[in-house]
Amino acid sequence: MKVIIINGPNLNLLGVREPGIYGSVSMDTFLSQLRESYPNDVIDYYQSNVEGELINKLQETGFSYDGIILNAGAYTHTSIALLDCIRSLQAPVIEVHISNVNDREDFRRHSMIAPACKGTIQGFGLNSYRLAIEALSLL
Ligand code: DQA
């Protein structure tokens, strides 16, 4: 499979940002481990803090990749533009969250993008991304 992990705002700070919630491992370290676990898959990675740049990357990859793993960060809860974008793509998009968003503030319980995604994986720390790759491999 050729898949891409797309991370949204503040996820460039993984390993440093609120380690009690998001852990102390950086995305770089985790990505190396993930790629070692799936040597036959191409796992590309992109991160941006900018909503429009996330949309550009989704459009760029959404017609040629086998799947997209999207952690839209806080845009999950606000972005109609991301919802519309995901609806336009051919590739299946799996919504991912590191934390269990249902066990946090109320405003995190609603996902604007969930209806357009194939499914959601959340609450397993960075292993949520690993489970998303497994999910894509079962489609
Ligand atoms: C997050 C959960 C979001 O509510 C939050 O805004 C994030 C990270 C997660 O991976 O748990 O930035 O998507």
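Could you please find all residues in region 85-108 being part of a loop (DSSP other than H, G, I, E, B) and either open to solvent by 80 Å² or more (accessible area, probe 1.4 Å) or within 9 Å of the ligand (Cβ to nearest atom) (or both)?
From region 85-108, those part of a loop (DSSP other than H, G, I, E, B) are 89-92, 98-100, 104-105; that's our starting set.
Hits for region 85-108 are Gln90, Ile98, Ser99, Asn100, Arg104, Glu105.
So which of Ser128, Ser111 ends up being open to solvent by less than 40 Å² (accessible area, probe 1.4 Å) and over 20 Å from Asp28 (Cα atoms)?
Ser111
How many of the residues in region 88-107 are in contact with a Phe, Trp or Tyr (Cβ under 8 Å, 6 or more places away or on another chain) and closer than 13 Å to Ile121 by Cβ?
Just the residues of region 88-107 that are in contact with a Phe, Trp or Tyr (Cβ under 8 Å, 6 or more places away or on another chain), to begin with: 89-91, 96, 98-99.
Cutting the leftovers down to closer than 13 Å to Ile121 by Cβ gives us 96, 98-99.
The total comes to 3.
Which ones in region 5-55 are aromatic (Phe, Trp, Tyr) and either touching a strand residue (DSSP E or B) at 6+ places or on another chain (Cβ under 6 Å) or more than 17 Å from Ile69 (Cβ to Cβ) (or both)? Steps first, please.
First, the residues of region 5-55 that are aromatic (Phe, Trp, Tyr): 22, 30, 38, 45-46.
Hits for region 5-55 are Tyr45, Tyr46.
To keep it simple, each residue is scored yes or no on (1) more than 22 Å from Tyr45 (Cβ to Cβ); (2) more than 14 Å from the chain's Cα centre (by Cα); (3) modelled with pLDDT of 95 or more.
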position	(1), (2), (3)
Ile68	no, no, yes
Ala72	no, no, yes
Thr76	no, no, yes
Cys85	no, yes, yes
Val96	no, no, yes
Glu105	yes, yes, yes
Ile121	no, no, yes
Leu131	no, no, yes
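Within the set of pairs 6+ apart or on separate chains, which have a first residue in region 11-28 that is touching a residue at least 12 places away in the same chain (Cβ under 8 Å) and loosely packed, with under 11 Cβ neighbours inside 10 Å, a second that is in a helix (DSSP H, G or I) and of a type in the set (Gly, Ala, Ser), and C-beta atoms under 9 Å apart?
Every condition considered, no pair remains.
The values are calculated or read from the model by the stated rules, or taken from the named source; none is laboratory data. Treat the numbers as computed from the prediction; the structure is a model and nothing was measured. Heads up, the Cβs are rebuilt from the backbone with ideal geometry, glycines too, and the neighbour counts pull from every protein chain shown. The accessibility values were calculated without ligands, DNA or RNA, using every heavy atom of the protein model including side chains. Shrake-Rupley method; radii C 1.70, N 1.55, O 1.52, S 1.80 Å.
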